[in-house]
Amino acid sequence: MPILTLDETKTWLRIDGEDDDTSIYMLMGAAETYLHNATEVTFDSSNDLAKLYCLVLTADWYENRELIGSQPSDKVRYTCQSIMAQLQHAYVPPPEGETA
């Protein structure tokens, strides 16, 4: 299940039209993949920190499209690093049927 929806991401970005939907959708997926690769944890929309991380990263990449694939820009680097540190240590429940 994805972390973000297109509608909530467009609200975060303050975008009304549909012209950039394809680009925004791609950036959302890239942010979620980036988070998963960095933490080796699969998050979903129920994790508010994961959602915030993906929104911040998607917005940064959208506003700085020429830098896609690079680290977050300096203006959001601290925010992303702080959230990432918390997410890397997030409790991950055991697989269904197993106890912790």
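Using a Förster distance of 41 angstrom, determine the FRET efficiency expected from the C-beta separation of residue 49 and residue 19, and round it to 0.05.
On the way: r = 30 Å, r/R0 = 0.74.
Result of the calculation: an efficiency of 0.85.
Just to confirm a number: summing +1 for Lys and Arg and -1 for Asp and Glu over residues other than residue 20 whose beta-carbon lies under 11 angstrom from that of residue 20, what do you get? Intermediate results must be reported in sequence, preceding the final value.
Working: positive: 10, 65; negative: 16, 18, 19, 21.
Neighbour charge sum, excluding residue 20 itself: -2.
Which ordering of 28, 84, 1 is given by a fewest-first count of other beta-carbon atoms within 10 Å? Mind showing how you got there, number by number?
Numbers: 28 23, 84 18, 1 7.
Listing 28, 84, 1 from fewest to most nearby Cβ atoms yields 1, 84, 28.
Which of the trypsin sites (Lys or Arg not before Pro) across region 1-57 are loop residues per DSSP, with 12 or fewer other Cβ within 10 Å? Don't jump to the answer; show the numbers that get you there.
On the way: sites: 10, 14, 51; in loops: 14.
Qualifying residues, ordered by number: 14.
A short reminder: the numbers here are calculations on the coordinates, not readings from a lab. Keep in mind the model is a prediction, meaning the values are calculated, not measured. So basically every Cβ, Gly included, is an ideal-geometry build from the backbone, and we count neighbours across all protein chains shown.
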